[in-house]
Amino acid sequence: MQQTVSKRVNALAASQTLAMSQKSSELRSQGIDVINLSVGEPDFNTPEHIKRAAVKAIEDNFSFYTPVPGYLSLRKAVSEKLRRENGVDFAPEQIVVGCGAKHALSNVIMATVNPGDEVLIPVPAWVSYMEMVKLAEGVPVTVSTGLEQDFKITPAQLREAITPRTRALLLCSPSNPTGSVYSREELKALVDVLVDFPDVLVISDEIYEHINYTGVPYTSMASFPELEGRVAVINGVSKAYAMTGWRIGYCALPLHLAKAVTKLQGQMTSGVSSIAQKAAEAAYTGSQECVEEMRQAFERRRNLVVELAGKIPGLRISEPQGAFYLFPDVTHYLGKRFGEKTIATDSDLALYLLEEAHVATVAGSAFCAPGYIRLSYATSDDRLREAFARIATALAALK
Ligand code: PMP
Ligand code: GLU
């Protein structure tokens, strides 16, 4: 038999965040003390009351196939969360639970994008956005931002990027990989452009909403009445409740799109894990104190890494306002040499830091932003101190 792989998968880039994490695990299994700042996931354990709900679900025999869009009780809890925390109205019928926000997002893209449709992606952007759009045979259209504009697109850039083929805008705030957060005013200015293009769907990735250091309550894109009926909210429990492995996310959508996503999910995966759904329900209906406790820990680490990065000459940063990533501009170090080796690109630098400093990061190119690297600071203060000390030494060795 010919060992062929579909063109679809051949054309797909592998997830660099997961690849770097895998590489760091491999080195660790060889006994090397690698500090993994590559993958972005909270290092906390899932809170006790959530774990207990899962144990109870097993004991109560929640072991059968689940409804395709998720248990009604979970969708009700999500609907209430959206009202309580975001002031937005989505009925349980408008919510579809997927295997993580990643799956929910891919479902929405698959259910809305036709071949040739353009999807606007402000970059730097999370590694999977471009590839998901390509899988749907859409055309990812990047809108470039840099450190000097705090990695946020301007209304003028948005207006310029929209064409008659634009199907959707994919916005992520707080942003992975930059940590930028759009203020309500900045979002409103984008909304004012979008009202002129009523056919453009807004896909709003709100997975980091709770990891917010602005001191100002979070604004969901769905809370603007001007965008009524054309916002798809993506969110889930991975980041806010330290539940990355449970794989629960959701999309909240106009009803006709929720039906389309449910049809798709019914053929592709069925409803997601019963036990994880019951745990997620406990996350949304239980005490929210754990969310604030973890947020405070992330904010403390944000302050620490900003201070540590500030001591390394040549690293330019924009202080992150949310999520748990630092995204320094490393162009100062590109073109320098380590012995015989030239560090020509951000990917070379990420590899150099892994091999020489034993610190795993992700190259900015993976996020369509060459010249930067991403460091996840979702790890202990001690490990962060050690990581930055190693990075400083390795960078100082470049000539
Ligand atoms: N969106 C963004 C921006 C992310 O960083 C992640 C984390 N991988 C996700 C979506 C997906 O999260 P999950 O599938 O774990 O819910
Ligand atoms: N959001 C995380 C990251 O960007 C998880 C890995 C992934 O799914 O890409 O590192």
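From the list 120, 158, 135, 171, the lone residue that is within 19 Å of the chain's Cα centre (by Cα), more than 18 Å from residue 233 (Cα to Cα) and among the hydrophobic types (A, V, I, L, M, F, W, C) is 135. Restricting attention to the stretch 37-48 and to residues that are within 28 Å of residue 289 (Cβ to Cβ) and crowded, with 19+ Cβ neighbours inside 10 Å, the residue that is nearest to ligand 1 (Cβ to nearest atom) turns out to be 40. Among the residues making up the stretch 346-369, a single one is on the phi > 0 side of the Ramachandran plot and away from ligand 1 (no atom under 16 Å from the Cβ): 358. Any chance the stretch 326-334 includes a residue that's at pLDDT 95 or above, on the phi < 0 side of the Ramachandran plot and within 16 Å of ligand 2 (Cβ to nearest atom)? Looking through the stretch 326-334, at least one residue is at pLDDT 95 or above, on the phi < 0 side of the Ramachandran plot and within 16 Å of ligand 2 (Cβ to nearest atom).
Just so you know, in the stretch 104-129 the residues that are closer than 22 Å to residue 17 by Cβ and assigned to a loop (DSSP other than H, G, I, E, B) include one that is nearest to ligand 2 (Cβ to nearest atom), and it is 126.
For the stretch 17-76, the set of residues classified as part of a helix (DSSP H, G or I), under 28 Å from residue 175 (Cα atoms) and of a type in the set (A, V, I, L, M, F, W, C) consists of 18, 19, 20, 50, 74, listed by residue number.
Yes/no matrix, rows are residues, columns are (1) surrounded by fewer than 19 Cβ atoms within 10 Å (Cβ to Cβ); (2) among the small types (Gly, Ala, Ser); (3) under 23 Å from residue 321 (Cα atoms):
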{"site": "137", "(1), (2), (3)": "yes, no, no"}
{"site": "146", "(1), (2), (3)": "yes, yes, yes"}
{"site": "155", "(1), (2), (3)": "yes, no, yes"}
{"site": "163", "(1), (2), (3)": "yes, no, no"}
{"site": "167", "(1), (2), (3)": "no, no, no"}
{"site": "173", "(1), (2), (3)": "no, yes, yes"}
{"site": "181", "(1), (2), (3)": "no, no, yes"}
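Every condition in (1) in contact (Cβ under 8 Å) with a residue 40 or more places away in the chain; (2) buried (at least 20 other Cβ atoms within 10 Å of the Cβ); (3) more than 28 Å from residue 260 (Cα to Cα); (4) more than 10 Å from ligand 1 (Cβ to nearest atom) is met by residue 214 except one, and the failing one is (2). Taking each residue of the stretch 100-114 that is closer than 10 Å to residue 234 by Cα and looking for partners that are β-branched (Val, Ile, Thr) and near ligand 1 (Cβ under 7 Å from one of its atoms) with beta-carbon atoms closer than 6 Å, six or more apart or interchain, yields 101/207; 101/234; 104/234; 105/234.
Taking the stretch 134-178 as the range and being among the basic types (Lys, Arg) and touching a helix residue (DSSP H, G or I) at 6+ places or on another chain (Cβ under 9 Å) as the test, the residues that pass are 134, 152, 159, 167.
Take the conditions (1) without any contact (Cβ under 8 Å) to a residue 40 or more places away in the chain; (2) more than 15 Å from ligand 1 (Cβ to nearest atom); (3) crowded, with 17+ Cβ neighbours inside 10 Å; residue 60 misses just one of them, which is (3). When restricted to residues that are hydrophobic (A, V, I, L, M, F, W, C) and either touching a Cys at 6+ places or on another chain (Cβ under 8 Å) or in a helix (DSSP H, G or I) (or both), the stretch 176-206 contains 6. Screening the stretch 284-294 for residues that are more than 15 Å from residue 81 (Cα to Cα) and surrounded by 17 or more Cβ atoms within 10 Å (Cβ to Cβ) and picking the one that is nearest to the chain's Cα centre (by Cα) gives 294.
Surrounded by fewer than 23 Cβ atoms within 10 Å (Cβ to Cβ) and either away from ligand 1 (no atom under 15 Å from the Cβ) or within 30 Å of residue 373 (Cβ to Cβ) (or both), is that true of residue 206? Spelling it out, it is not the case that residue 206 is surrounded by fewer than 23 Cβ atoms within 10 Å (Cβ to Cβ) and either away from ligand 1 (no atom under 15 Å from the Cβ) or within 30 Å of residue 373 (Cβ to Cβ) (or both).
The values are calculated or read from the model by the stated rules, or taken from the named source; none is laboratory data. Here the structure is a predicted model, which is why all the values come from computation and not from measurement. Methodologically, a virtual Cβ is constructed for each residue, glycine included, from the backbone with ideal geometry; neighbour enumeration extends over all protein chains shown.
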